[in-house]
Amino acid sequence: MQLRDGIRNFGTVSIVNHWITALLIVAVFAVAILMDELPRGQLRSDMRALHNSLGIILLVLAATGISWRLISGFPEPADNAGPWLRRITRAWHIGLLALIAAMPATGWVAADSGRRAIEFFGLFTMPDIIATNRGLHRAFEEVHVVVSYLLIPLLVVHILAALKHHYFDHDVTLTRMLRVRKA
Ligand code: HEM
Ligand code: HEM
């Protein structure tokens, strides 16, 4: 099994990290919307706890993804894009990595500065790092939501670009993110 990325391909660590992250981002967004729609009560609390717990996993995955890129860099693009498009694509991926880390980080500050403890799937309580601070809590709730508004268009274009590569350009951009290809 090829764990590390090659010059022209992604290894298992990148592929598994990418798809678990993608699945969890969708789940966390769905839970966030549900949590916002529900009236105050047990179900809303359960949804908030689920949102925070899944978000904490995403924080770990984002840290792994960023560390992995810092260690091994990005593989060469699979297409024949010119230098400008390559720069934009690279910046786009860095932007995605930054925002998927900023999402749980800002969510953590929002939750931790609030009155409630942050539980991890009811298994244990996360350390209370930030003292209760209403102003900070409100501000970071806003920042957290604003970050999500930035992330959504980045993701939409990212997904459309991946599909364009596959269905219109017929190159290996998408398939090399689905399984390890011979470099
Ligand atoms: C929904 C959450 C998603 C996030 C946060 C995300 C994030 C990223 C990031 C950061 C990269 C850069 C490589 C890396 O660091 O691992 C990447 C690459 C890639 N993603 Fe996504 N992605 C998501 C969903 C998707 C979906 C749904 C598709 C397919 C339709 C897709 C297709 C790809 C492909 C093909 C690459 C490789 C691009 C290349 O060859 O350079 N991604 N993604
Ligand atoms: C990638 C991970 C995350 C994503 C995509 C995400 C997304 C969102 C979204 C879209 C909302 C807005 C709900 C709405 O008002 O409609 C929200 C709210 C919230 N999230 Fe997250 N979140 C993530 C991680 C976290 C984490 C790790 C925590 C805490 C440990 C957290 C705490 C909160 C809190 C406290 C709110 C309520 C803010 C409010 O009611 O205005 N989030 N999240």
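The values are calculated or read from the model by the stated rules, or taken from the named source; none is laboratory data. Bear in mind that the values here come from a model prediction, so they are computed numbers and not experimental data. Neighbour counts run over all protein chains shown; Cβ positions are idealised from the backbone, glycine included. Accessible surface is based on the protein model in full, side chains and every heavy atom, while ligands, DNA and RNA are left aside. Shrake-Rupley method; radii C 1.70, N 1.55, O 1.52, S 1.80 Å.
On the given criteria, is ILE88 among the aliphatic types (A, V, I, L, M), at pLDDT 95 or above, away from ligand 2 (no atom under 12 Å from the Cβ) and over 29 Å from VAL145 (Cβ atoms)? So that I can check it myself, show each step before the final result.
On the way: among the aliphatic types (A, V, I, L, M): yes; at pLDDT 95 or above: yes; away from ligand 2 (no atom under 12 Å from the Cβ): yes; over 29 Å from VAL145 (Cβ atoms): no.
Against the criterion (among the aliphatic types (A, V, I, L, M), at pLDDT 95 or above, away from ligand 2 (no atom under 12 Å from the Cβ) and over 29 Å from VAL145 (Cβ atoms)), ILE88 does not qualify.
In the set (1) closer than 30 Å to MET177 by Cβ; (2) open to solvent by 40 Å² or more (accessible area, probe 1.4 Å), the condition left unmet by PHE124 is number (1). Kindly check whether there is at least one residue in the range 103-121 that is under 27 Å from ILE56 (Cβ atoms), within 16 Å of ligand 2 (Cβ to nearest atom), free of Cβ contacts under 8 Å to residues at least 12 places away in the same chain and not in a loop (DSSP other than H, G, I, E, B). The answer is no; no qualifying residue exists.
Can you confirm whether the range 50-72 contains a residue that is out of contact with any strand residue (DSSP E or B) (no Cβ under 9 Å at 6 or more places or on another chain), at pLDDT below 95 and of a type outside the set (A, V, I, L, M, F, W, C)? Yes - at least one qualifying residue is present in the range 50-72.
Cβ separations smaller than 7 Å between residues 6+ apart or across chains give the following pairs from the range 138-153 residues that are closer than 13 Å to ALA105 by Cβ to residues that are near ligand 2 (Cβ under 7 Å from one of its atoms): PHE140/ALA110; HIS144/GLY107; HIS144/ALA110; VAL147/MET103; SER148/MET103; LEU151/MET103.
Quick grid of which residues meet (1) touching a residue at least 24 places away in the same chain (Cβ under 8 Å); (2) open to solvent by less than 30 Å² (accessible area, probe 1.4 Å); (3) assigned to a helix (DSSP H, G or I); (4) aliphatic (A, V, I, L, M):
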{"site": "LEU3", "(1), (2), (3), (4)": "no, no, no, yes"}
{"site": "ILE7", "(1), (2), (3), (4)": "yes, no, no, yes"}
{"site": "PHE10", "(1), (2), (3), (4)": "yes, yes, no, no"}
{"site": "HIS18", "(1), (2), (3), (4)": "yes, no, yes, no"}
{"site": "PHE29", "(1), (2), (3), (4)": "yes, no, yes, no"}
{"site": "ILE33", "(1), (2), (3), (4)": "no, no, yes, yes"}
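Selection of the range 53-88 for residues being within 30 Å of ILE118 (Cα to Cα), surrounded by fewer than 16 Cβ atoms within 10 Å (Cβ to Cβ) and of a type outside the set (Val, Ile, Thr) yields ALA63, SER67, ARG69, LEU70. Total residues in the range 131-183 satisfying the condition of being more than 9 Å from ligand 1 (Cβ to nearest atom) and in a helix (DSSP H, G or I): the figure is 25.
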